[in-house]
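Peer 1: Take a look at this one; I'll ask things after.
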Amino acid sequence: MTNNIKTSSLGYPRIGKNREWKKTLEAYWSGKINEETFRAEMAGIQLQHLKTQQQAGIALIPVNDFTFYDHVLDTAAMFGIVPSRYAYDGGDIPLDLYFAMARGNSAAPACEMTKWFNTNYHYIVPEIGGQTPRLIENKPLAAYRFAKEQAGIEGKPVIVGLYTFLKLSKGFAADKIVEVAARFLPVYVQLLQELQQEGVAWVQIDEPAIVTGLTGEEVELLGTIYREIAAAVPGLHVLLQTYFEAAEPLEALLELPVQGIGLDFVHDGGANLASIRRLGWPEDKWLGAGIIDGRNIWRSDLDAKLELVRALKSHVPDERLILQPSSSLLHVPVTVQGEDKLKPAVRQALAFADEKLAELSLIAAAAGEDGQVYAAALAESREALNVFRALPERGRQDVAEQVRSLDKLPDSRSLPFAERVKVQQQKWQLPLLPTTTIGSFPQTPEVRQARLKWRKGVWNQERYDGFIRQQIADAITFQEELGLDVLVHGEFERTDMVEFFGEKLAGYLFTKGGWVQSYGSRCVKPPVIYADVAFTGPMTVKESLYAQSLTSLPVKGMLTGPVTILNWSFVRDDLSREEVANQIALALRYEVQALEEAGIEMIQVDEPAIREGLPLKAEDHEQYLNWAVRSFRIATNHVKATTQIHTHMCYSEFNDMIGPISAMDADVISIETSRSHGELIVSFEEQEYDKGIGLGVYDIHSPRVPKVEEMTQAIERALRVLDAGQFWINPDCGLKTRGWEETGAALRNMVQAAVIVREKS
Ligand code: GLN
Ligand code: ZN
């Protein structure tokens with residue numbers, strides 16, 4: 001019996017099972033291989049990915065999702081969108097120019113890089129100036145031919161849609177988008193015509209920008225774009241693909257003259273199915289149903305998925321139903337195969353890209369006419385999930401009880417800020433414009449090697465601890481000599497600010513090969529919250545206390561906040577993110593208490609990722625910020641009035657976040673400013689902020705040593721809107737990526753700048 005339900009994949013991870021993609025890129029960049037070898041190796045990797053999907057039985061296999069760096073950069077390059085600061089003659093884009101746009105070269109800095117919607121993937125921001133877009137190279141066509149010739153695959157080219165491409169670009173005023181779209185439409189049409197001519201059946205046009213919300217004009221613009229496309233390529237099946245959230249208003253999309261619409265049924269809060277129930281599904285359209293989570297790493301509950309498919313089948317006939325992951329699998333690791341260190345009950349609960357494709361094939365088959373044949377496979381999956389769900393560490397009574405009793409905890413500090421600040425001034429006796437740093441000092445190769453030796457067992461605990469103590473002692477001397485007012489221990493014992501805590505908290509696991517691409521060749525291996533998070537014992541007290549014992553100046557305790565720990569982990573999906581954040585917050589609350597009891601009474605709780613968790617739709621922001629701010633308060637509000645809570649934020653613009661930041665009620669915040677181009681300071685003109693604040697006075701992302709005058713100017717600029725009594729002097733962020741020499745020179749200048757402004761104040 002035949003099965004009419006098709007399967008599709010929206011994109012496959014680029015990095016390869018053993019990160020061979022990354023290694024090939026870096027080998028080329030460092031000159032170890034030439035361009036020819038590079039291209040040949042990349043083609044091999046690309047082919048491997050195609051074959052893997054073919055073997056998984058996927059009907060519509062994506063092509064052009066593979067890239068040498070980033071798919072948005074590919075799109076810009078394909079249309080000749082090269083900023084004028086690069087030497088470019090308008091012809092083909094040589095590989096080195098392509099990489100220069102991504103990474104900069106000696107002549108011109110790189111293009112800006114920013115987060116791809118609410119993921120931890122970063123794309124290169126196209127700079128659209130006055131250029132006339134032209135089709136320099138039809139990359140989707142080349143990818144289609146490659147798959148056909150090399151693997152006999154009838155591929156489905158994936159293209160970033162024009163609407164989304166423009167929404168993600170910069171270089172033109174937002175109200176000019178219609179005119180800019182008109183300039184690009186002919187080249188999009190040309191690209192699609194060439195695909196049609198080649199005999200391509202389906203194209204997937206990615207328009208995730210739709211889910212951030214549509215105004216009336218935006219709906220109109222989408223109409224213009226897709227009507228023009230439909231008229232030009234009547235023979236092509238266009239699947240308009242959305243993901244990461246509900247597509248609303250769905251009625252607007254259903255009116256577009258496209259053959260199919262792809263929706264995310266995992267991250268939409270149920271809204272997409274509700275819309276279909278309300279509106280029905282048009283007879284002339286296909287539905288790309290994103291039913292498997294493309295963003296998380298857990299085995300699916302296949303019974304629940306089948307139920308969803310059945311619900312969809314009552315609106316869409318089998319012949320027009322395509323089952324697919326909710327988004328590209330770019331956001332998950334490649335395969336669970338190598339994870340032999342995990343206990344079976346946990347390992348079996350994981351599903352990375354390859355396992356998700358297998359799930360998809362199974363669901364499509366089981367949802368078809370001869371579904372009974374698959375009962376055994378379904379039962380096996382159900383059993384694996386049941387075993388995982390029943391793990392005692394996932395249902396801890398003590399943790400549940402504590403989270404439940406959160407409402408009984410005081411909601412705020414013992415004194416409001418206006419009163420705390422007085423007792424704190426008395427206790428700490430800091431000078432006007434106190435100087436400090438953000439926490440980490442250079443992680444030299446020596447530090448990294450020491451940790452490696454300890455992890456491998458070459459060094460025992462004692463030897464490693466001794467080494468770390470020596471680093472801390474040197475850092476304290478270094479800071480005292482520079483004349484800083486508030487010191488840090490330097491974070492030498494931490495590889496990563498989330499992993500360090502994950503390893504010490506209950507509820508975490510670490511994979512061997514769970515890498516995902518963050519940007520370019522840079523991959524991260526997020527820790528995994530698989531069970532209830534709980535405190536198991538002090539995590540940072542030893543190092544902080546040792547540092548404090550060496551100096552009479554205050555040393556800040558240094559923790560990562562609950563929201564950042566959450567946002568940089570893969571998180572179990574049976575609890576809400578809010579609940580998991582509360583579990584982490586409660587664990588950190590114990591750590592804060594342990595520090596305070598040990599006499600560490602200035603404690604910094606970093607929340608660099610707080611803004612990253614913002615939902616895509618503006619109307620959902622408030623709810624997220626409410627629980628995010630609350631979890632920070634849970635972690636910190638139980639300290640004595642004299643204990644000073646600091647926090648730190650970076651990687652984003654915070655102009656619109658002053659209200660929530662203030663609500664966190666930290667006594668002092670340090671914020672990165674180099675990314676906001678002065679706009680952040682302007683927002684303080686408009687909004688009252690009364691607590692301690694340090695706006696980074698120099699950018700730590702470059703080895704350049706800032707001059708004293710640059711920093712006195714930055715300070716004076718800030719003091720036009722902020723009170724000298726509340727202002728702190730610090731760099732933009734932690735210094736772990738810098739060298740000691742430049743760090744010393746920069747901080748020496750920073751302290752001098754503080755002294756100069758202090759004397760004038
Ligand atoms: N305390 C951390 C450090 O200095 C903060 C890092 C960050 O903001 N990302 O490294
Ligand atoms: Zn930072």
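The values are calculated or read from the model by the stated rules, or taken from the named source; none is laboratory data. The structure displayed is predicted, hence computed values, not measured ones. Backbone-built Cβ (ideal geometry, glycine too); neighbour counts: all protein chains shown.
Peer 1: Just one of the numbered conditions (1) out of contact with any Leu (no Cβ under 6 Å at 6 or more places or on another chain); (2) more than 14 Å from ligand 2 (Cβ to nearest atom); (3) of a type outside the set (A, V, I, L, M, F, W, C) is not true of Pro660; which one?
Peer 2: (1)
Peer 1: Hand me the list of helices (runs of 4 or more DSSP H) wholly inside region 334-405 holding 3 or more residues that are more than 26 Å from the chain's Cα centre (by Cα) and more than 18 Å from Leu308 (Cβ to Cβ).
Peer 2: In region 334-405, the matching helices (runs of 4 or more DSSP H) lie at 375-389, 397-404.
Peer 1: Among Leu302, Leu329, which is touching a helix residue (DSSP H, G or I) at 6+ places or on another chain (Cβ under 6 Å) and either under 22 Å from Gly514 (Cα atoms) or not hydrophobic (A, V, I, L, M, F, W, C) (or both)?
Peer 2: Leu329
Peer 1: While we're on this one: Hey, any hits in region 609-629 for a residue that's under 20 Å from Val541 (Cβ atoms) and of a type outside the set (A, V, I, L, M, F, W, C)?
Peer 2: no
Peer 1: Residues of region 726-738 being modelled with pLDDT of 95 or more, over 13 Å from Ala754 (Cα atoms) and either more than 16 Å from ligand 2 (Cβ to nearest atom) or surrounded by fewer than 14 Cβ atoms within 10 Å (Cβ to Cβ) (or both), which ones?
Peer 2: Gln726, the sole residue that qualifies.
Peer 1: Condition test on Gly223, is it part of a helix (DSSP H, G or I) and surrounded by fewer than 16 Cβ atoms within 10 Å (Cβ to Cβ)?
Peer 2: yes
One line per residue, one yes/no per condition, for (1) crowded, with 19+ Cβ neighbours inside 10 Å; (2) in contact with a Leu (Cβ under 8 Å, 6 or more places away or on another chain); (3) of a type in the set (A, V, I, L, M):
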site	(1), (2), (3)
Gly130	no, no, no
Leu135	no, yes, yes
Asn138	yes, yes, no
Tyr144	yes, yes, no
Gln150	no, yes, no
Pro157	yes, yes, no
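Peer 1: Next up: So Val421 ticks every box in (1) in contact (Cβ under 8 Å) with a residue 24 or more places away in the chain; (2) in a loop (DSSP other than H, G, I, E, B); (3) more than 33 Å from the chain's Cα centre (by Cα) but one. Which box is left unticked?
Peer 2: Among (1) in contact (Cβ under 8 Å) with a residue 24 or more places away in the chain; (2) in a loop (DSSP other than H, G, I, E, B); (3) more than 33 Å from the chain's Cα centre (by Cα), Val421 violates only (2).
Peer 1: Out of everything in region 424-451 that is within 16 Å of ligand 1 (Cβ to nearest atom) and assigned to a helix (DSSP H, G or I), what residue ends up being nearest to the chain's Cα centre (by Cα)?
Peer 2: Arg448
Quick grid of which residues meet (1) basic (Lys, Arg); (2) away from ligand 2 (no atom under 16 Å from the Cβ); (3) crowded, with 22+ Cβ neighbours inside 10 Å:
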position: Ser652; (1), (2), (3): no, no, no
position: Ile681; (1), (2), (3): no, yes, no
position: Phe684; (1), (2), (3): no, yes, no
position: Leu695; (1), (2), (3): no, no, yes
position: Ser702; (1), (2), (3): no, no, no
position: Met711; (1), (2), (3): no, yes, yes
position: Val721; (1), (2), (3): no, yes, no
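Peer 1: Hey, another quick one. In this structure, does Ala666 turn out to be more than 21 Å from Asn120 (Cβ to Cβ), within 16 Å of ligand 2 (Cβ to nearest atom) and aliphatic (A, V, I, L, M)?
Peer 2: yes
Peer 1: Next question, about the same structure. How about region 256-267: which of its residues are in a loop (DSSP other than H, G, I, E, B), over 20 Å from Glu220 (Cα atoms) and in contact with a helix residue (DSSP H, G or I) (Cβ under 8 Å, 6 or more places away or on another chain)?
Peer 2: Phe265
Peer 1: Oh, and also: Identify, please: which residue in region 585-612 is within 19 Å of the chain's Cα centre (by Cα) and buried (at least 18 other Cβ atoms within 10 Å of the Cβ) and is, among those, farthest from Ile210 (Cα to Cα)?
Peer 2: Top of the filtered list is Asp606.
Peer 1: Separate question: Just to be sure, is Val592 more than 12 Å from ligand 1 (Cβ to nearest atom), touching a residue at least 60 places away in the same chain (Cβ under 8 Å) and among the aliphatic types (A, V, I, L, M)?
Peer 2: no
Peer 1: Taking region 471-515 on its own, how many of its residues are of a type outside the set (D, E, K, R), under 30 Å from Leu433 (Cα atoms) and assigned to a helix (DSSP H, G or I)?
Peer 2: 9
Peer 1: Moving on. What is the residue count in region 479-501 for residues that are more than 33 Å from the chain's Cα centre (by Cα) and within 13 Å of ligand 1 (Cβ to nearest atom)?
Peer 2: 0
Peer 1: Look at region 548-573 and say how many of its residues are under 22 Å from Ala666 (Cβ atoms), away from ligand 2 (no atom under 16 Å from the Cβ) and not hydrophobic (A, V, I, L, M, F, W, C).
Peer 2: 4
Peer 1: While we're here: Could you list, in sequence order, all residues of region 635-654 that are under 14 Å from Ile603 (Cβ atoms) and more than 13 Å from ligand 1 (Cβ to nearest atom)?
Peer 2: Matches in region 635-654: Ala635, Thr636, Asn637, His638, Val639, Lys640, Ala641, Thr642, Thr643, Gln644, Ile645.
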